[in-house]
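J.: This structure is in structure tokens; I'll ask about it shortly.
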Ligand code: CA
């Protein structure tokens, strides 16, 4: 079953962005926009993790956090707090809010996703796959190692993240723009051709001799990880 994430956030643009990206990562996502709706939703559909905004209409994030921590049924749910830069950061640090982690807005999506994964791993080690496998390729997310047919491949950090990202959604085609957002982060302004350069480097390390290339170039669209690349052998 997919891990379930509840987003409590009143900014619609952020809601949509988080929902889209968490769903692409394979999570079931639920959203509420008001603080006072959060508690009810949690008891109706207990999530595996909550992404909780600090400033909310109704009840504040900090109060929700306190209430969830006070109840046996909900005190174990990991909470990732979202805070605005400046005003709340220091307070979050100083107060024992009961949140497990927090990110400061504007945050990079890869950072947020990494923290979500880390919190889920901590609370339920079996829920998030530590090793991604496709054909003879194995990617260990924790040890940051990649093997093909038992031989270790030495990838740069960007190539590693790129492969990890593509392998989490095999078969799905991502545009260069999406890959920049997901792998490099939204706040970086780099040329889309950079993606081609790194895909080229990744391919070079991934396949040697007659080994098949698992990465598919989709003309006019982007790239995708071909989940059946080894079956065509
Ligand atoms: Ca807010």
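Each value in this text was obtained by applying a stated rule to the coordinates, not by laboratory testing. Note that the structure is predicted; figures quoted are calculated from it, not measured. Cβ atoms come from the backbone with ideal geometry, glycine included; neighbour counts cover every protein chain shown.
J.: At 222 nm, what value in deg cm²/dmol follows for the chain if DSSP H runs of at least 4 each add -39500 (n - 2.57) and the sum is divided by all its residues, to the nearest 500?
T.: Calculated mean residue ellipticity at 222 nm is -11000 deg cm²/dmol.
J.: Can you give the extra length, in nm with one decimal, that the chain gains between residue 175 and residue 191 once fully stretched, where that is 0.36 nm per residue apart less the Cα-Cα distance?
T.: Length gained between residue 175 and residue 191: 4.5 nm.
J.: Given a Förster distance of 22 Å, report the FRET efficiency between residue 75 and residue 34 from their Cβ-Cβ distance, rounded to the nearest 0.05.
T.: 0.50
J.: Right, next: If a/c stays under 1.5 just call it rounded; otherwise compare a/b with b/c (prolate if a/b is bigger, oblate if not). Do that for the chain, with a ≥ b ≥ c from the square roots of the Cα gyration tensor eigenvalues.
T.: Judged from the Cα gyration tensor, the chain comes out prolate (a/c at least 1.5, a/b above b/c).
J.: Relative to the compact-globule scaling 2.2 N^0.38 Å, provide the ratio for the alpha-carbon radius of gyration of the stretch 1-84.
T.: Rg over 2.2 N^0.38 Å, computed on Cα atoms: 0.99.
J.: Two-decimal Rg/Rh of the stretch 131-232 from alpha-carbon positions, Kirkwood Rh?
T.: Across the stretch 131-232, the Cα-based Rg/Rh ratio is 0.94.
J.: Let me ask something else about it. May I ask you to derive the relative contact order of the chain, considering only C-alpha pairs under 8 Å and at least 6 residues apart, and to give it as an integer percent?
T.: 13
J.: Still on this model: Go ahead and run the numbers for FRET between residue 45 and residue 123, Cβ-Cβ distance against an R0 of 22 Å, rounding to 0.05.
T.: 0.85
J.: What does the extension gain come out to for residue 66 and residue 219, with contour length at 0.36 nm per residue minus their alpha carbon separation?
T.: Working it through step by step, the gained length comes to 50.0 nm.
J.: Shifting gears a bit: Using alpha-carbon pairs under 8 Å, 6+ residues apart, how would you state the relative contact order of the stretch 106-232 in percent?
T.: 25
J.: By how many nm would the segment from residue 227 to residue 210 grow when fully extended, if each residue of separation counts as 0.36 nm and the alpha-carbon distance is taken off?
T.: Using 0.36 nm per residue and subtracting the Cα-Cα distance, I get 4.3 nm.
J.: Let me ask something else. If you wrap a convex hull around the alpha carbons of the stretch 104-166, what volume per residue comes out, as a whole number of Å³?
T.: 94
J.: Hey, how many Å between the Cα centroid of the stretch 114-157 and the Cα centroid of the stretch 26-70?
T.: That distance is 30 Å.
J.: For the peptides 140-153, 157-170, 195-208, 47-60, what is the packing order when you average, over each peptide's residues, the other Cβ atoms within 10 Å and list the highest mean first?
T.: Listed from highest to lowest mean packing, they are 47-60, 157-170, 195-208, 140-153.
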